[in-house]
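The structure appears below as structure tokens.
Since every read-out is calculated from the coordinates, none of them should be taken as a lab result. These figures come from a predicted structure and were not determined experimentally. Glycine gets a Cβ as well: all are built from the backbone with ideal geometry, and neighbour counts include every protein chain shown.
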Amino acid sequence: MKKAILLIFVVGFLFSCTEKKPVVNPKVLMDADLAFSDYSLNHGIQKAFIEFAHDSVVKLKPNSMPVVGKQSLIDSFAGKSDSGLVLTWKPSDAVIAKSGELGFTYGIWTLIAKGDTAKGTYLSVWKMNSAGEWKYIADTGNDGL
């Protein structure tokens with residue numbers, strides 16, 4: 001009887017120690033990227049890039065050094081206006097690491113400025129913050145399609 005109880009205890013202990021794996025559903029990341037684009041449409045480019053930025057963000061821009069950190073991102077927008085500009089994008093795909101903490105999206109962006117429309121491609125790397133929210137940690141894009 002003691003052996004049976006010990007066996008049940010050991011088996012129960014082993015199963016209770018298994019690591020719970022996160023659900024790796026790329027749709028969640030696609031939805032976060034679409035929400036980011038919608039925020040840009042409704043609130044402006046600068047506000048969107050600040051709102052959805054991870055604290056450790058790295059923003060790569062053409063012809064300039066990388067902008068590193070959320071405060072540096074905020075500072076990079078100081079004195080610049082984005083009125084009259086409409087930037088939206090649509091992710092083509094998303095991938096999330098098995099850990100469930102990092103992922104990336106890529107797709108096509110569209111910028112409307114003074115009646116002209118430009119399109120290009122982008123890549124955003126996402127990281128889950130301590131509150132369980134997806135925030136982009138790296139972002140870059142290319143002109144022309």
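Points to keep in mind about this one:
- Sequence-ordered 3J(HN,Hα) estimates for the range 109-117 from the Karplus curve with 6.51, -1.76 and 1.60 and θ = phi - 60° stand at 10, 9, 10, 10, 9, 6, x, 8, 10 Hz, glycine and proline given as x.
- Each pair of Cα atoms in the range 75-137 enters the Kirkwood radius, and Stokes-Einstein at 4 °C and 1.567 mPa s then converts it into a translational diffusion coefficient of 94 µm²/s.
- Amide N proximity, the range 109-145 versus Leu102 label position 7 Å along Cα-to-Cβ, cut-off under 20 Å: 122-141
- 12 Å cut-off, amide nitrogen to a point 7 angstrom out along Asp31 Cα→Cβ, residues in the range 117-145: 134
- The calculated FRET efficiency for the pair His43 and Gln71, based on their C-beta separation and a Förster distance of 22 Å, comes to about 0.65.
- Sites Thr121 and Ala78 - FRET efficiency at Förster radius 22 Å, r taken between beta-carbons, to 0.05: 0.20
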